[in-house]
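Student: Pasting in a structure now, in structure tokens, and then I'll have a few things to ask.
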Amino acid sequence: MNERASSHGRPREVLLERLARGGLAAERELMVDVRGGVAHVGGSVTSVGHKRLAHRIASEMEGVRHVVNTLRVAPVAVMDDGSIREHLLAALAENPAVDEMTIYVDVASCVVHLRGVAATESARCSAEDEAWATPGVRRVINGIHVGSIVPPGEAALASEIAQAIGDRLGSKAARIGVEVRAGIVRLTGSVPSEHVRAAAERLAWTPLVTDVANDLTAIPDDGAVIAPAPEQPTDRAPTAGDVNVV
């Protein structure tokens, strides 16, 4: 996406191709023209994010000095979080600029959260573009880091995991403590239900974690302690290639 396409000879076709490759292939009402260094982009798209994306792609074309963006926003029917996530994962898998094996996707209330590591800034932007191009998305929070997977300090990793748990579980995570030692995450404190306990454990898994010790206690509002559900045997610990699902 950061590479500038040559628009010599057939600028309109080049722009249409760029828009399609940038995640707007599903938009059937796009009308474009490029004349005298001005790119005109019209028609309709399904979100404000798509309009912004089309503008950026057009402005990156070689020879384009100005973009006239008259796109109308015509939202599609609201999709549920699971459908949005499934659609986005499929799009990431088909995008050659994105290594989806190092990117984690979570969707809550039509807001997409991206985490993980991208090899380049271009790949990071491409993943965000795919998220915005997914029908039903209201907002994208891009937490993807650029560079190789270099383990941060244990305190920094614990803080990052605690923030992810807090962002996803809100006030239900108020009494959760997070510690990291030698790649092992330990969760301590209490939560209001066994469901929240399990959700916190799933959120603790990141590409840099080798194991999660879940010492959380489920204590509902009535004060009764709920025994943890028995651990299910697994053949292996999650790896960086696994998708973190909550």
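Student: Quote the charge dipole size of the stretch 11-73 about the Cα centre in Debye, to the nearest 20; the model charges only the Cβ of Lys and Arg (+1) and of Asp and Glu (-1).
Tutor: So the magnitude is around 180 debye.
Student: For the residue pair Asp211 and Ala90, what label-to-label distance in nm results when each label sits 7 Å from Cα along the Cα-to-beta-carbon direction?
Tutor: 3.9
Student: When you count, for each residue, the other Cβ atoms within 10 Å and take the mean per peptide, how do 57-68, 38-49 rank with the highest first?
Tutor: 38-49, 57-68
Student: Multiply the residue separation of Thr70 and Thr188 by 0.36 nm, subtract the distance between their alpha-carbon atoms, and state the gained length in nm to one decimal.
Tutor: 37.2 nm
Student: If each residue of separation counts as 0.36 nm, what is the full-extension length gain between Asp167 and Asp81 once their alpha-carbon separation is subtracted?
Tutor: 29.4 nm
Student: A further question on this structure: Across 5 Å bins from the origin, how do the percents of Cα pairs in the stretch 81-146 run, short distances first?
Tutor: Calculated P(r), rounded to whole percents: 4, 22, 35, 26, 12, 2.
Student: May I ask you to work out the translational diffusion coefficient for the stretch 154-218 at 25 °C, viscosity 0.890 mPa s, via Stokes-Einstein with Rh from the Kirkwood sum over Cα pairs, reported in whole µm²/s?
Tutor: Using the Kirkwood radius from Cα pairs, D works out to 217 µm²/s.
Student: Something else about it: Dipole size in debye (nearest 20) for the stretch 154-218 around its Cα centre, Lys and Arg Cβ +1, Asp and Glu Cβ -1?
Tutor: About 160 debye.
Student: So, one more: Suppose we keep just the DSSP beta bridges with both residues in the stretch 154-218; what percent of those would be antiparallel, to 5?
Tutor: 50
Student: Hey, what did the stretch 11-73 get for relative contact order, percent, Cα under 8 Å, at least 6 apart?
Tutor: That works out to 34 percent.
Student: What GluC sites (Glu not before Pro) does the stretch 82-121 have in DSSP loop regions with at most 14 other beta carbons within 10 Å?
Tutor: For GluC sites (Glu not before Pro) across the stretch 82-121 that sit outside H, G, I, E and B with at most 14 neighbouring Cβ atoms in 10 Å, the list is empty.
Student: Enumerate the residues in the stretch 33-62 having an amide nitrogen under 18 Å from the point lying 7 Å beyond the Cα of Val146 toward its Cβ.
Tutor: Within reach of a label on Val146: 56-57, 60-61.
Student: At 0.36 nm per residue, minus the direct Cα-Cα distance, what do Glu62 and Arg202 gain on full extension? Give it in nm, one decimal, please.
Tutor: 45.9 nm
Student: Would you mind ranking Glu17, Glu179 by Cβ crowding within 10 Å, fewest neighbours first?
Tutor: Glu17, Glu179
Quick note: the coordinates plus some simple rules give every number you see, no bench work behind them. Computed from a predicted model, the values in this text were never measured in an experiment. Ideal geometry is used to build each Cβ from the backbone, glycine not excepted, and the neighbour counts take in all protein chains shown.
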